[in-house]
Amino acid sequence: MNFISNIFLWLLPLISIPLIIHLLNRRKIVQVDFGSIYFLESLKTDSMKRINILQWLLLAIRTFIILLIILMMSRPILKGYYPLMQVDPGSSMSIVVIDDSFSLNGSIDNESRLALINKKYNQVLDSFDEKSQICVISLSEGVLYDGINVNLPDLSRLISISNKNGELYKYVNIINEKFDDPIINKEIFIITDGQANLLTNLDKKKMADWTMYFVLIDELKSNLKINYAKVNNSIIIKDKIVDVEVEIENNGLNNVENSMVNIFINDVNVGLQNISIDAGKKKKVIFSTVFANYNDNIIKISLSEDDSNLDNDYYLNIYIPNKIKVLSIFNGLESTKYISNVIDVINKKNVIFDYDAIQYLDLSYANLKRYDVIVIHDYEAFEFHYNYFEEYLNSNNHLILFPEYDNDLSQLYGILEFEDGGEYVSLENNIYEKVNYLDFASYAKSSPSDVDNKDFMKIFKYIESPINSNSIASIGDLNSFWDKVYFSNSKIDVFFTAFHLDWNEFPLKGGFIQFIKELLYSNYNYYNYNKHIGEPHYLNINNSSIINEVEHLNPNGDIQYIPFNSGSFNVESIKNPGLHEFYNDSYLLQSLAVNIEPAELSSKLLTNKEINDLVGHDCYFFRYDDSVSASIINNRQGYELWRYLLWILCFMIIIEMLVSNGNRKA
């Protein structure tokens, strides 16, 4: 219990006044003459006891009445963590954090959740004194106001739901700067839906002395959302069947029955499925389709309308280049002949590969920049020019490595960070290792005899490299045949045997041509054509020196102009989900599919206990239908007891009057 006017507690000694008066009255003896006292003897014992009890009861009642009067003047507060704020609001700092992240979109009973946020924001403000120090923070825009409550402008027009991910940790240091030494009471009010990503990366120690309120906006009633969509196939080429996987979640309160999921490719509906999902559950949907076009293949996954339509669409751009520039780097030209022959065969039907070859000692970085795929036929060449290749890999490219005689893994160290070792192995006298056909089943268009052959192919020469988490296929049970490694946003395929008949039988297999074709196609720079909100984007444009400006067409129809700056065209931050297109003089340079950040789309809603655990201490929680302002005041200042004390005082005065009258009669 606390007291607002605790100075009146100094009057507590006054409760001794009735006792002092009682003791003084006992010293004042009055002598009354009686006649015969014979008949009084029989009444002496009972009457005197009764009189003494009534006197002591009156003494207690009068003492209690004075105590009640003093307590009423002191204004006692029950359960208030900071009742003195009524007296000195300047010693308190209140931070209002508005979660305006993407998950707050939608409506409940035809009222937008943005309107609900504004209502709760105003109710929180109603709990402050005019002189209170407050700071209003939006998770997407930062500090909106910092000052005295009486000067606070109307911020409702500045509060809107963004497409960003809401994370509180980014503002913890700013909040603690506001909570400097003179501030006694540190309050933070968070208006949110309670998604887990709000409280990621928080340092509990920095929030230990915060008094935290969570004003929780209600969940949507009927809503499905798309958490992600992806193409499951690692290698994608034109006219080959692929599987598009979509994860859909019911984040509403009601079960959803027979909702439609559509898939569009280049604005053509190519698939439809009906799904039913219980509340709080997820379901994966698979669409099998083909991409009939080179270049951009724009996928749009769409759900039926519900309480929040903005999370019903998901976009992908599967870019399949119509021509790929390939450069072979060799020490001896003989090592390139099988791959170059395959490219010649493929190009007879339709020229899709521009192929060149160069001796590695003649290589310059200017040669590398012009090619989509670099095939290195000697680890030594990689080691010799590793600075070139490191820079090349920073630009979303594809590197393929094959060994040569007497190579070892130490020559790959620097970028790939293989350990020393991995000696060259040459098997003779009909001794060989085996590679299982099943490791290549997705590539090979081979004869039935190949399928039945469990050995698939024999390996005669290879570089020892233990099987690891990056291994795609293995040589026997111990060594890797092929590792797939990612560096920055580029891909590196490392083979530990050369595609040459001196090394293995692979060039004789029916699936060899298809394998080489898909291998060269396997890096279509997915990252360069698919982004998330907030990520930067760098346009890779040929002949950029003759282009001064690029038009950026947003999904909402707005056009922005991007100047040529520091050698490239850069989009610092993409703000809207959907299809973004970049033009120069009405010529489409690139299409970009943009979606909400995965952490925002797939984050779960937390329970009160989970929030307390993440914050590190108990918090106050209010739901939408709670009387937020009154509840905050009661929690902050407590419940004043003087009204109840007044009722008790009145009752005690009546009792005192009755007892006093009975004492007089006695």
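Charged side chains reduced to their Cβ positions (Lys and Arg at +1, Asp and Glu at -1) give the range 179-239 a dipole of some 400 debye around its Cα centre. Accessible surface of Thr200, taken over heavy atoms with a 1.4 Å probe and every protein chain present, rounds to 50 Å².
Across the range 198-211, coupling constants 3J(HN,Hα) worked out from phi with the 6.51/-1.76/1.60 Karplus curve, θ = phi - 60°, read 4, 10, 6, 6, 7, 9, 4, 4, 6, 10, 4, 9, 7, 9 Hz, and Gly and Pro carry x. Straight Cα distances below 18 angstrom link Lys323 to the aspartates and glutamates Asp239, Asp296, Asp344, Asp354, Asp356, Asp372, Glu518, with same-chain residues fewer than 8 positions distant left out.
Sorting Thr192, Thr211 by accessible area puts them as Thr211, Thr192; the probe is 1.4 Å, largest comes first, and only protein heavy atoms count. Ranked by solvent-accessible area (1.4 Å probe, protein heavy atoms only, all chains present), the residues Ser469, Ser138 order from largest to smallest as Ser469, Ser138. Across the range 225-370, C-alpha contacts under 8 Å between residues 6 or more apart give a mean separation that, scaled by the residue count, equals a relative contact order of 20 percent.
Computed with a 1.4 Å probe over protein heavy atoms only, the accessible area of Val150 comes to about 90 Å². Protection proxy ranking, highest mean first, for peptides 348-355, 553-560: 348-355, 553-560, where packing is the per-residue count of other beta-carbon atoms within 10 Å, averaged.
Within a straight-line Cα-Cα reach of under 20 Å, Lys204 can be paired with the following lysines, leaving aside sequence neighbours fewer than 8 residues apart in one chain: Lys170, Lys178, Lys186, Lys609. What is the range 134-181's relative contact order, in percent, from Cα pairs under 8 angstrom and six or more apart in sequence? Relative contact order comes out at 29 percent. Between Gln590 and Phe582, the built amide H atoms are under 5 Å apart, and every one of these is 5 or more places off in sequence or on another chain.
Measuring against 29 Å, Cα to Cα, the residue pairs Lys119/Lys221; Lys205/Lys281; Lys240/Lys491; Lys282/Lys575; Lys240/Lys348 contain Lys205/Lys281 as the ones spanning a longer distance.
Our compactness index for the range 144-274, the C-alpha radius of gyration over the empirical 2.2 N^0.38 Å, is 1.59. For the peptides 97-104, 571-578, 160-167, 367-374, the ranking by mean Cβ contacts within 10 Å, running from highest to lowest, is 97-104, 160-167, 367-374, 571-578.
The values are calculated or read from the model by the stated rules, or taken from the named source; none is laboratory data. Remember, it's a predicted structure, so these values are computed and weren't measured experimentally. We place every Cβ from the backbone using ideal geometry, glycine too, and count neighbours over all the protein chains shown. Accessible surface is based on the protein model in full, side chains and every heavy atom, while ligands, DNA and RNA are left aside. Shrake-Rupley method; radii C 1.70, N 1.55, O 1.52, S 1.80 Å.
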